[in-house]
Amino acid sequence: PPKPALPLAHLPAFRLERYFAKNEFSAPYLLCSSDTESLTLREALDEYADAETRALFDGLSLGYTEPKGYPPLVRELEAMYTAAAAAADAGDVATKKSGGGVQIQEVAPQEGILLAMLALVEAGDRVVAAYPAYQSLFDVARTSGASVEFWRPTEDADASYRFSVETLAALVDGPKKPPPKVLVVNFPHNPTGALPTRDEWAAIVELCRRHGTWLFADEMYRGLEPDVARQRLASAASAYPERGISLGGLSKALGMPGARIGWLAARDDAFATRLAGLRDWTTICSSAPSQVLALIAVRARERLLARANAFVADGRDAVDRVVRAYPDLLAWGGGPTAGPCGLVRLTRDGVSASRYCEALAAASGILLLPSAVYHQDVSANDDRHVRVGLGRRATPDNARRWAATLADPDHPATRILRG
């Protein structure tokens, strides 16, 4: 009999990426980006490279690189995750339960999601995913034939968000259902900015451990917490050495999205071997200059995170002033707990966020992201929020431009908001 078609052939349209493909490079005032202010190449080399990495970049060959990743970068990442495991008092446990130390596979970030899901999930498996989320975090598994159930946050009356561990436990322990093969999470959360406490994160890890469930954690926003000492969570690869997988990269917190470099960290040897084999079918290896830039960023990560968090703090304050100035139109509770983006609720009944964003971009060139792009089957409640981005240098200025449209009752977008 013929073999089934490759799951990729049946993937649905990627709504968020199609929205950005249409609008991101034509709208002059972006107010919905989920990254932080990008570095220039000159800044990266002059301000963040050390003598060794600058020499590596200047003398770099533009030949192929190793499929696993540029060896100095891989070693730096291995040391980073090994140190994190030791700090969490998990180093010995990791070695005993997984058969080895941390395994790094360099990838493009989106490629990492795709390859990890293909390595872990088969038709008939059960997957639980935090939702709403970046679409590939659940749709690759669903298109592969898995049953995907969503772990949704609660939205309080003031538009604050929280992911309940009790709700997750009810999903995982569902009657007459096998334990999920994979739990997929993304913290700090895109788009809500929700973040579990450390105790809640420990409970999530323990729930996975009890059921033998893989924990795939998109940690692209890790490091963007206002209170690092209290809020930053241990990476999944460190906290759950048996079956924890961490996705990291340069795109969000480290200011180099154009480098297109990320990585997967895990301690399961069989998973790492399967991942390496699958990568032979995608990019095989990444750009040599980009991987040296990644090495620069990883070594300078604390300075880069401080830089990014300063942009996020300024942007958050600016957006918060706008939201609080128009409580009859907008709400976001206390704002996002962490990360470079958050959801603002459009408070009037019957307002379509999609129509509002379209009118705002057309009339004033300001780009917000309607929450409908996160959903395949859009209900009215799924189209009453906009995602705001906080981490760009221009965020305060663009927030003021947004406020000016709200102050104008005759503005086409504001007329939609006011019904």
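Filter the stretch 272-326 for residues that are among the acidic types (Asp, Glu) and closer than 17 Å to GLY248 by Cα and give the result.
Filtering the stretch 272-326 down to residues among the acidic types (Asp, Glu) leaves 280, 302, 314, 317, 320.
The one that is among the acidic types (Asp, Glu) and closer than 17 Å to GLY248 by Cα: GLU302.
Only one of these is at pLDDT 95 or above, in a strand (DSSP E or B) and aliphatic (A, V, I, L, M): VAL319, VAL388. Name it. Can you show your working first?
Working: VAL319 fails: in a strand (DSSP E or B).
Testing whether each residue is at pLDDT 95 or above, in a strand (DSSP E or B) and aliphatic (A, V, I, L, M) leaves just VAL388.
Evaluate the stretch 223-230: report whether one residue or more is crowded, with 16+ Cβ neighbours inside 10 Å and closer than 15 Å to TYR131 by Cα.
no
Select, from THR143, THR154, the only residue that is of a type outside the set (A, V, I, L, M) and touching a His at 6+ places or on another chain (Cβ under 7 Å).
Working: THR154 fails: touching a His at 6+ places or on another chain (Cβ under 7 Å).
The unique qualifying residue is THR143.
Need the failing condition index for ALA362 against (1) open to solvent by 20 Å² or more (accessible area, probe 1.4 Å); (2) closer than 20 Å to PRO191 by Cα, just the number.
The single condition ALA362 does not satisfy is (2).
For the stretch 161-188, give me each residue that is open to solvent by less than 30 Å² (accessible area, probe 1.4 Å) and either more than 18 Å from GLY244 (Cα to Cα) or touching a His at 6+ places or on another chain (Cβ under 8 Å) (or both).
PHE163, SER164, VAL172, GLY174, PRO180
Any chance you could count how many residues in the stretch 269-306 are in a helix (DSSP H, G or I) and open to solvent by less than 50 Å² (accessible area, probe 1.4 Å)?
Narrowing the stretch 269-306 to residues in a helix (DSSP H, G or I): 269-279, 288-299, 301-306.
If we keep only those that are open to solvent by less than 50 Å² (accessible area, probe 1.4 Å) too, we end up with 271-272, 275-279, 288-298, 304-305.
Adding up the residues that qualify gives 20.
Quick one: which helices (runs of 4 or more DSSP H) sit completely within the stretch 187-248 and have at least 3 residues that are closer than 29 Å to ASP156 by Cβ?
Working: elements: 198-211, 228-231, 236-239.
Helices (runs of 4 or more DSSP H) meeting the threshold: 198-211, 228-231.
Residue by residue through the stretch 42-53, note down the ones that are touching a residue at least 60 places away in the same chain (Cβ under 8 Å) and either closer than 17 Å to ARG260 by Cβ or in a helix (DSSP H, G or I) (or both).
Keep residues of the stretch 42-53 that are touching a residue at least 60 places away in the same chain (Cβ under 8 Å), which gives 44-45, 48-50, 53.
ALA44, LEU45, TYR48, THR53, listed by residue number.
What about GLY334, is it farther than 21 Å from ALA129 by Cβ and over 17 Å from the mean Cα position of the chain (by Cα)?
Values: farther than 21 Å from ALA129 by Cβ: yes; over 17 Å from the mean Cα position of the chain (by Cα): yes.
Against the criterion (farther than 21 Å from ALA129 by Cβ and over 17 Å from the mean Cα position of the chain (by Cα)), GLY334 qualifies.
Provide a single number: the residues in the stretch 348-359 that are surrounded by fewer than 20 Cβ atoms within 10 Å (Cβ to Cβ) and touching a residue at least 40 places away in the same chain (Cβ under 8 Å).
Total meeting the criteria: 7.
Sort through ALA234, ALA217 and tell me the only one that's closer than 20 Å to PHE271 by Cβ, of a type outside the set (D, E, K, R) and surrounded by 24 or more Cβ atoms within 10 Å (Cβ to Cβ). Before the answer, list the steps.
Values: ALA234 fails: surrounded by 24 or more Cβ atoms within 10 Å (Cβ to Cβ).
Going through ALA234, ALA217 in turn, the sole match is ALA217.
Take the conditions outside any helix (DSSP H, G or I), of a type in the set (Gly, Ala, Ser), at pLDDT 95 or above and within 23 Å of THR82 (Cβ to Cβ) and apply them to SER251. Does it pass?
Working: outside any helix (DSSP H, G or I): yes; of a type in the set (Gly, Ala, Ser): yes; at pLDDT 95 or above: yes; within 23 Å of THR82 (Cβ to Cβ): no.
So SER251 does not fit the description; no.
Just wondering, is there one or more residues in the stretch 361-381 that are acidic (Asp, Glu) and under 24 Å from TYR134 (Cα atoms)?
yes
Pick out the one residue from PRO409, PRO336, PRO340 that is open to solvent by 20 Å² or more (accessible area, probe 1.4 Å) and modelled with pLDDT of 95 or more. Walk me through it before giving the result.
Values: PRO336 fails: open to solvent by 20 Å² or more (accessible area, probe 1.4 Å); PRO340 fails: open to solvent by 20 Å² or more (accessible area, probe 1.4 Å).
PRO409 is the lone residue from the list that is open to solvent by 20 Å² or more (accessible area, probe 1.4 Å) and modelled with pLDDT of 95 or more.
Return the pair list, or none, for Cβ contacts closer than 9 Å from residues in the stretch 306-328 that are more than 11 Å from LEU390 (Cβ to Cβ) to residues that are in a helix (DSSP H, G or I) and among the aromatic types (Phe, Trp, Tyr), at least 6 apart or on different chains.
Sorted first by the residue in the stretch 306-328, then by its partner, the pairs are VAL322/TRP402.
Can we say ASN309 is open to solvent by less than 20 Å² (accessible area, probe 1.4 Å), in a helix (DSSP H, G or I) and modelled with pLDDT of 95 or more?
The answer is no for ASN309.
Which one is nearest to the chain's Cα centre (by Cα), of the residues in the stretch 18-51 that are surrounded by 12 or more Cβ atoms within 10 Å (Cβ to Cβ), under 21 Å from SER287 (Cβ atoms) and of a type outside the set (Ser, Thr, Tyr)? Please lay out each step first, then the result.
Of the residues in the stretch 18-51, the ones surrounded by 12 or more Cβ atoms within 10 Å (Cβ to Cβ) are 19-20, 23-24, 27-39, 41, 43-45, 47-50.
Adding the requirement that they be under 21 Å from SER287 (Cβ atoms) leaves 35, 38-39, 41, 43-45, 48-50.
After this cut, where a residue has to be of a type outside the set (Ser, Thr, Tyr) as well, the list is 35, 39, 41, 43-45, 49-50.
Working: ASP35: 9, LEU39: 19, LEU41: 24, GLU43: 25, ALA44: 23, LEU45: 26, ALA49: 26, ASP50: 28 Å.
Top of the filtered list is ASP35.
Determine whether the stretch 166-180 contains at least one residue that is assigned to a loop (DSSP other than H, G, I, E, B) and in contact (Cβ under 8 Å) with a residue 60 or more places away in the chain. Walk me through how you get there before you give the answer.
Pass one, the stretch 166-180, residues assigned to a loop (DSSP other than H, G, I, E, B): 173-180.
With in contact (Cβ under 8 Å) with a residue 60 or more places away in the chain added as a condition, the list becomes none.
No, the conditions are met nowhere in the stretch 166-180.
The values are calculated or read from the model by the stated rules, or taken from the named source; none is laboratory data. Bear in mind the structure is a predicted one, so any value in this text is a computation, not a measurement. A quick note on method: Cβ atoms are made from the backbone with ideal geometry, for glycine too, and the neighbour counts reach across all protein chains shown. Just the protein is used for accessible areas: all its heavy atoms, side chains included, with ligands, DNA and RNA removed. Shrake-Rupley method; radii C 1.70, N 1.55, O 1.52, S 1.80 Å.
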